[in-house]
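The values are calculated or read from the model by the stated rules, or taken from the named source; none is laboratory data. Since we're looking at a predicted model, the values are computed, not measured. No Cβ is skipped: glycine too gets one built from the backbone with ideal geometry, and neighbour counts run over all protein chains shown. Ligands, DNA and RNA are excluded from the accessible area calculation, which covers all protein heavy atoms including side chains. Shrake-Rupley method; radii C 1.70, N 1.55, O 1.52, S 1.80 Å.
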Amino acid sequence: MAIPPLHRWDLSPDEARSLQRELADRVDTGSPLGPCRLIAAADVSYTRGDDRLFAAVVVIDAETSELVERVGLVERARYPYVPGLLSFREAPPVLEAFGRLKHRPDVLLCDGQGIAHPRRLGIASHVGLWLDLPTVGCAKSLLCGSYDEPGPGRGDRSPLIHRGEVVGTVLRTRDRISPVFVSPGHRCDAEGAVRIVMETTGNYRLCTPVRMAHAFVNELRRGAGE
DNA sequence: GCGACAG
DNA sequence: ATCTTGTCGC
């Protein structure tokens, strides 16, 4: 099924930021996340010398934790990395890869922020709007906002606040390990975002779907060049 | 003006 | 993200 284009991607940084403010109004972070049988995750990696970009989307069966399907691709980066504009660089290839899936996942976990973004449109939210699919932002580091250090145990959390708003959750996925930054992408609330991440996290800091996407994307780099 | 800044 | 050596710990 083809993805209906929401907008162009070749925008100047100023135009991109303006568009983010408009799109942010369409993001739904009030709906609870329903049952998730098929969980997808996306990740992107680059090579150093050239401008090649590798993207991957994996689909995992929530019950068995087994890989159901995966799609990977290589293409030229068309946008530079600009803090706050990550989706303009990574979303296009992720959407392309997602579009080649045979299955329709119940949720997509993205490596990056959801609404925990200066203009409330991190890559997870942006991709969620394009796909009209529940998405969750799973970032390894902070982009904006402040928080109190969460407790030391797995499951301990602390709200991430930006300009007086709760934009996400700083979540400890493993005892005594640095927390991750979870935020709703689209069609999902804060509770649902934390729930899906906790349910898919094993003995590693990052949840299984994201780890599998990361492993696959690196596997692609190996067999396609570097 | 200064510092911060997902991947 | 990528580069890069050793090192601490299960």
Original post:
Which of (1) part of a strand (DSSP E or B); (2) open to solvent by 10 Å² or more (accessible area, probe 1.4 Å) is the odd one out, the single condition residue A:57 does not satisfy?
Top reply: (2)
Original post:
Which of the residues that make up the stretch A:31-54 are open to solvent by less than 60 Å² (accessible area, probe 1.4 Å), more than 18 Å from residue A:90 (Cα to Cα) and over 15 Å from the mean Cα position of the chain (by Cα)?
Top reply: A:31, A:33, A:34, A:36, A:38
Original post:
Restricting attention to the stretch A:74-88, does a residue exist that is part of a helix (DSSP H, G or I), at pLDDT 95 or above, open to solvent by less than 40 Å² (accessible area, probe 1.4 Å) and within 16 Å of DNA strand C (Cβ to nearest atom)?
Top reply: yes
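Residue-wise test of (1) under 23 Å from residue A:57 (Cα atoms); (2) open to solvent by 50 Å² or more (accessible area, probe 1.4 Å); (3) among the hydrophobic types (A, V, I, L, M, F, W, C).
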position: A:140; (1), (2), (3): yes, yes, no
position: A:149; (1), (2), (3): no, yes, no
position: A:159; (1), (2), (3): no, yes, no
position: A:169; (1), (2), (3): no, no, no
position: A:174; (1), (2), (3): no, yes, no
position: A:192; (1), (2), (3): yes, no, no
position: A:195; (1), (2), (3): yes, yes, no
position: A:201; (1), (2), (3): yes, no, no
**OP:** Out of A:61, A:25, report the one residue that is closer than 20 Å to residue A:189 by Cα and without any contact (Cβ under 8 Å) to a residue 40 or more places away in the chain.
**Re:** A:25
Subject >> Residues located in the stretch A:117-126, provided they are buried (at least 22 other Cβ atoms within 10 Å of the Cβ) and either away from DNA strand C (no atom under 16 Å from the Cβ) or acidic (Asp, Glu) (or both) >> reply: A:117, A:120, A:121, A:125, A:126
